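Some notes on the structure that comes next.
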Amino acid sequence: MITLQPIQPGSTIRIVSPAGKIEEKHVMPAVNWLEEQGYTVKLGKHVFAQHFQFAGTDEQRTADVQEALDDSDCDAIICSRGGYGTVRIIERLDFTQFLKNPKWMVGFSDITILHSRLHNLEIPTIHGVMPRYFFDDKGEPKEDLTSMMALLKGEGISYGVDATEFDRQGTTAGQLVGGNLSIVTSLSGTKYDIDTAGKILFLEDIDEFLYHTDRMVHQLKLSGKLDNLAGLILGDYTDMKDNESPFGQTVHEIFTEAVKEFDYPVCYGFPGGHDKKNLALAFGRDWELEVAKSGTRLRLV
């Protein structure tokens, strides 16, 4: 895995919209804050474009992301939001120049596609907060933002997570991979599929039916992605839905049943994903995971 240089005041950050449309009011406060911290911020030409549900046409979104990838003066790319649409442009992107001057990519949800692509290119990325959610209701930086900036600046980071009744205790270490469950499973069998063997897998999701989740978990299991993990971390599963005829299991119960024959540690309820707290994770970097009766500790090595 390539080592990326930490950013510092004076570094250039680009903001692009690879997927869903977003309004200026949800991005500019983040731009202003980053500039106040001493960073140079460049917005893609079509960041606020609208084409149905997308942030501009496929061609416009591709052009912005490609310009950011190719910019040798850029040190980090932050995606404005997720939604849907990155899969429509991933094949259009050329990473040749990017590999000569690699940089951080930040985002989550639909941005999992870019995480997976860059992971297969041996480039670490950050699963973290996007501009709309930088601040709390009082306009103060959230822990989501401070944790993301800590990773970008190369600082050490360690998280503590409350214990749950579903946790499987154990200690492990490994490269962290994953992202949004729906996106990870949708990439199965494609050139952007990820190898999870020997790695710590992180998964989160939002607005899915429980039976859909069960199907995706079993797809991961049938494809061997749950067999040889170093560990498993389950983030937030937000606004999950059930049918009129109940499925009969919670998300945690679905995963517990699916991995019962394996012996790696499993952490449930890590605050990452689409809920109120979305702590930043560096994919492609090594982490130590300790799941104990008293709670879970996750530390960047």
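Where a number appears in this text, it was derived from the coordinates with a stated rule and is not lab data. Fair warning: this is a prediction, and the values are worked out from it, not measured in the lab. No Cβ is skipped: glycine too gets one built from the backbone with ideal geometry, and neighbour counts run over all protein chains shown.
Here are the numbers for this structure:
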| item | result |
| --- | --- |
| Alpha-carbon centroid distance for the pair segment 77-103 / segment 133-164, whole angstrom | 24 Å |
| Residues with amide H under 5 Å from that of M105, placed H, sequence gap 5 or more | I77, I126 |
| Selection from C267, A230, I206, by position along the positive dipole direction of segment 171-271 (Cβ) | A230 |
| Calculated diffusion of the chain, Stokes-Einstein form, Kirkwood radius summed over Cα pairs, 4 °C and 1.567 mPa s, µm²/s | 67 µm²/s |
| Helix-derived mean residue ellipticity, 222 nm - over the chain, DSSP H n ≥ 4, -39500 (n - 2.57), to 500 | -7000 deg cm²/dmol |
| Protection-proxy order for peptides 225-231, 20-26, each taking the mean of Cβ atoms within 10 Å per residue, highest first | 225-231, 20-26 |
| Using alpha-carbon coordinates, inclination of helix 58-70 to the longest axis of the chain, degrees | 80 degrees |
| Degrees separating the helix 210-222 axis from the principal Cα axis of the chain, which is the longest one | 90 degrees |
| In order through segment 46-51: 3J(HN,Hα) via Karplus (6.51 cos²θ - 1.76 cosθ + 1.60), integer Hz, x for Gly, Pro | 10, 3, 9, 5, 9, 9 |
| C-alpha center-to-center spacing [segment 182-209, segment 272-294] in angstrom | 16 Å |
| Student exercise, segment 12-152 dipole from Lys, Arg, Asp, Glu Cβ charges, in Debye to nearest 20 | 240 debye |
| Of all DSSP beta bridges in segment 12-152, antiparallel share, percent nearest 5 | 20 percent |
| Karplus 3J(HN,Hα) series, Hz, for segment 144-161 with 6.51 cos²θ - 1.76 cosθ + 1.60 (x for Gly, Pro) | 3, 6, 5, 5, 5, 5, 4, 5, 5, 8, x, 7, x, 8, 9, 10, x, 10 |
| Whole-Hz couplings from phi, Karplus 6.51/-1.76/1.60, listed for segment 104-121; x for Gly and Pro | 5, 10, 10, x, 8, 6, 4, 6, 3, 4, 5, 4, 5, 4, 6, 4, 6, 9 |
| Rough spin-label spacing in nm, given labels placed 7 Å along Cα→Cβ, for L93 and K153 | 2.7 nm |
| FRET efficiency, T250 to T40 (Cβ-Cβ, R0 41 Å, nearest 0.05) | 0.35 |
| Semi-axis lengths (Å, descending) of the ellipsoid that matches the C-alpha gyration tensor of segment 154-301 | 23, 18, 15 |
| Share antiparallel - DSSP beta bridges, the chain, percent rounded to 5 | 45 percent |
| Distant-in-sequence amide H partners of F202 (H built 1.01 Å from N, under 5 Å) | V177, G178, G179, I233 |
